[in-house]
1. Kindly indicate whether residue 120 is farther than 15 Å from residue 250 by Cα, at pLDDT 95 or above and not in a loop (DSSP other than H, G, I, E, B).
2. May I ask you to say which residue of 39, 84 is touching a Cys at 6+ places or on another chain (Cβ under 9 Å) and closer than 20 Å to residue 292 by Cα?
3. If residue 71 meets every condition in (1) surrounded by 22 or more Cβ atoms within 10 Å (Cβ to Cβ); (2) closer than 30 Å to residue 253 by Cα apart from one, which number is that one?
4. Tell me which residues, restricted to the stretch 130-147, are surrounded by fewer than 19 Cβ atoms within 10 Å (Cβ to Cβ) and farther than 14 Å from residue 247 by Cα.
5. Within the stretch 231-259, track down each residue that is in a helix (DSSP H, G or I) and within 28 Å of residue 32 (Cα to Cα).
6. Of everything in the stretch 97-113, what is farther than 16 Å from residue 334 by Cα and surrounded by 21 or more Cβ atoms within 10 Å (Cβ to Cβ)? Give them in sequence order.
7. Could you grab the pairs with beta carbons closer than 6 Å, sequence gap of 6+ or different chains, first residue in the stretch 106-124 and in contact (Cβ under 8 Å) with a residue 60 or more places away in the chain, second one among the charged types (D, E, K, R)?
8. Could you grab me the full set of residues in the stretch 259-305 that are of a type in the set (D, E, K, R) and touching a residue at least 60 places away in the same chain (Cβ under 8 Å)?
Amino acid sequence: MALPFDHRYPAVDDLRQAARARIPGFVFDFLDGGCHDNVNLASNTADLRDVKLQPFYLADHGSVSLETELFGKTWGAPLGICPVGLQGLIWPGACEALARAATARRIPFILSTCTTASLETIGQITAGAFWFQLYNPVDPAIREDLLARAERAGCEVLVVLADVPTFGYRPHDIRNQFAVPPRLTARTILQMILRPVWGMTMLRRGKPTLASLTPYMPANMDLRQLADFMDRTFTGRLTGDDLARLRDRWKGKMVLKGVATVEDAEIAVARGLDGIIVSNHGGRQLDAGLSSIRALGPIVEAVGRRTTVMIDSGIRSGPDIARALASGARFTFLGRAFMYAAAALGDRGGDHAAEILSRQLLQVMEQVGCDRVADLPRHLVRQ
């Protein structure tokens, strides 16, 4: 059951401002920022909002439904929760709370390899109705064990990450000496003191860890050892042959996330994947790349009839969801929007963000005269 609507926060930007006021500055910078000069971060949303929809006011239409079929399952709305790393550092318990909200709302939840709740915990919360984003490990033994654990937890869809051949260069995190657990400097200590609710909640729930990776990490690592472990374990490019091996190994649905070109989309289709997520990692990896919405069109034209094309990056509202769906995406995913909500409202944030987005999308569809999500492309203004 949906929680009462919090009228203080009718839009995602309201949640963003509340999050900024509630979590330490170095944590907000990690969540909110992109890479290098934040050019692609800004273009993701700006380019999306260049997309226009046309209404048909005099056409007959009935009641509007947000229900959407995807991979043989009917979801409550055409939106899901993106994988986000270190969710429990942004707000303690955020990963688990968002998984619960997604389950209640009947929307997909994607668990990151590098977040703060384990495969087993999320499997229990969702009764197996979750997706798992795999950072493909260099060590085949770790990869096999992660896949086996995902299967035991009931994971429905394996989401293979393609767009992190190297970790992003993020000046805000470098200036903040960002680390997990937080590095205690005069600056970070002051920021934590100024956000006492975050600090008390963190103390109550315990310091965050990379829960799914804990079995593979040496005990009592210091910060430098942790960084070295991550570099050794996950640095390396994903190839078409890697996809083929994963496709042979994984018996369920499998999706490639981080697709930005027709060439990569064609490789995913050729290797038998069930879908792709057009994404530039929220502008956190390649500042000189295309926005996700500009990459979407050619990809949909090339492979949209042969695979399920989805999108993330830059989506912040119901109208943004409508724009992306009208442009040819079958489904949308949002990361920052849900994390702002978790930081602003704690355990009830995920439900509130889903309610905002659903209400906004419903209003747009009613306004333009669109009964079904699948019909939104009919309302696209071709440019």
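The values are calculated or read from the model by the stated rules, or taken from the named source; none is laboratory data. Owing to the predicted nature of the structure, the values given are computational and were not obtained by experimental measurement. Here Cβ is always computed from backbone atoms with ideal geometry, including for glycine, and neighbour counts include all displayed protein chains.
1. Judged against the criteria, residue 120 is a match.
2. 84
3. In the conditions (1) surrounded by 22 or more Cβ atoms within 10 Å (Cβ to Cβ); (2) closer than 30 Å to residue 253 by Cα, residue 71 misses (1) alone.
4. Selection gives 138, 139, 140, 141, 142, 145.
5. Answer for the stretch 231-259, where residues must be in a helix (DSSP H, G or I) and within 28 Å of residue 32 (Cα to Cα): 231, 232, 233, 234.
6. 113
7. So the pair list comes out as 117/96; 119/149.
8. Residues satisfying the conditions are 264, 274, 284, 287, 294.
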